[in-house]
1. Within segment 134-160, take every residue that is among the polar types (S, T, N, Q) and surrounded by 12 or more Cβ atoms within 10 Å (Cβ to Cβ) and give me the one that is nearest to T171 (Cα to Cα).
2. In segment 181-229, what residues are at pLDDT below 55 and either hydroxyl-bearing (S, T, Y) or part of a strand (DSSP E or B) (or both)?
3. Sort out which residues of segment 100-110 are out of contact with any Asp or Glu (no Cβ under 9 Å at 6 or more places or on another chain) and either surrounded by 13 or more Cβ atoms within 10 Å (Cβ to Cβ) or at pLDDT below 80 (or both), and write them in order of number.
4. Check V178 against each of (1) at pLDDT below 95; (2) closer than 24 Å to V105 by Cα; (3) crowded, with 16+ Cβ neighbours inside 10 Å and name the one condition it does not meet.
5. Given (1) modelled with pLDDT of 80 or more; (2) in a loop (DSSP other than H, G, I, E, B), identify the lone condition not met by M36.
6. Identify the single condition in (1) within 23 Å of N181 (Cα to Cα); (2) assigned to a loop (DSSP other than H, G, I, E, B); (3) out of contact with any helix residue (DSSP H, G or I) (no Cβ under 6 Å at 6 or more places or on another chain); (4) polar (S, T, N, Q) that Q121 does not satisfy, given that it satisfies every other one.
7. Which pairs do you get when a residue that is on the phi > 0 side of the Ramachandran plot and modelled with pLDDT under 90, found in segment 65-90, comes within reach of a residue that is assigned to a strand (DSSP E or B) and surrounded by 13 or more Cβ atoms within 10 Å (Cβ to Cβ), reach meaning Cβ atoms under 9 angstrom, with the pair 6+ apart or on two chains?
8. Scan segment 124-133 and give yes if some residue there is assigned to a loop (DSSP other than H, G, I, E, B) and surrounded by 12 or more Cβ atoms within 10 Å (Cβ to Cβ), otherwise no.
Amino acid sequence: TGADPSRPPENCPDCGGAGVVVQVANTFLGQVRQTMTCGRCRGEGKVVKAVCSECKGKKLEKKKARVEVRVPTGIDNNTVLHLPSQGDDGIHGGRPGDLYVRVMVERDPRFTRDERGLLTQVNLTYPQAALGTTLLLEGIDGEFELVIPPGTQPGQEFRVRGQGIPPVGGTERGDLRVRVNISVPKKLSPYQKQLLENLQRSLEGGETPEERKDSGFLQEFLREIKKKK
């Protein structure tokens with residue numbers, strides 16, 4: 001009722017508890033009677049002399065309630081869900097309000113979302129990128145294999161069908177893009193450094209010490225063959 005329990009509501013002195021008042025107006029046509037909702041009690045017929053200390057006269061009490069919210073597939077961050085009539089009860093017996101739920105999607109450090117698509121990044125060594133390899137990657141549904149072909153370049157992307165996010169409320173999923181990064185070692189052993197220097201000379205068209213050694217051995221072998229003839 002909005003009243004203090006020790007002092008229940010009383011009949012409205014303006015309407016006598018009827019909730020309405022009759023107004024009489026004199027016009028040139030005579031008296032006009034008009035029935036109107038009582039402005040003092042707002043049509044309830046009762047008035048509160050002592051307001052309830054808990055609800056402050058609003059007739060509402062704060063309570064925690066558990067509400068079941070159905071979250072559709074494919075929902076994105078900051079999406080607002082609308083639940084009609086799941087909000088607070090209306091004042092003075094009015095209809096309940098609506099509940100709006102803002103959804104915050106927890107970030108997964110493995111993936112970046114782009115609408116229905118997902119992006120993940122993998123690091124390859126020089127030999128893996130040059131020679132090719134097979135990687136065991138983790139998607140949102142579990143592990144899967146991805147074949148990296150020889151000659152893969154930095155920043156190159158591979159598309160995995162059906163490993164992305166479905167549209168809101170839908171079932172057909174987007175794709176997962178796997179972007180390749182090349183890991184450059186910061187420290188090399190003398191042997192590793194020699195291997196890379198040999199590779200660099202070979203790529204530039206020069207001969208490595210091993211290639212010169214092999215070439216000299218081949219020439220000596222051919223000379224021996226000619227002598228025997």
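The values are calculated or read from the model by the stated rules, or taken from the named source; none is laboratory data. It should be emphasised that the depicted structure is a prediction, and the values quoted were computed from it without experimental measurement. So basically every Cβ, Gly included, is an ideal-geometry build from the backbone, and we count neighbours across all protein chains shown.
1. Q156
2. Our first condition is that a residue be at pLDDT below 55; within segment 181-229, this holds for 214-229.
Matches in segment 181-229: S215 only.
3. Our first condition is that a residue be out of contact with any Asp or Glu (no Cβ under 9 Å at 6 or more places or on another chain); within segment 100-110, this holds for 100-102, 104, 106-109.
Within segment 100-110, V101 is the sole residue that qualifies.
4. (1)
5. With respect to (1) modelled with pLDDT of 80 or more; (2) in a loop (DSSP other than H, G, I, E, B), M36 is out only on (2).
6. So the condition that Q121 fails would be (2).
7. Close Cβ pairs (under 9 Å, with a partner that is assigned to a strand (DSSP E or B) and surrounded by 13 or more Cβ atoms within 10 Å (Cβ to Cβ)) amount to S85/L99.
8. Within segment 124-133, one or more residues are assigned to a loop (DSSP other than H, G, I, E, B) and surrounded by 12 or more Cβ atoms within 10 Å (Cβ to Cβ).
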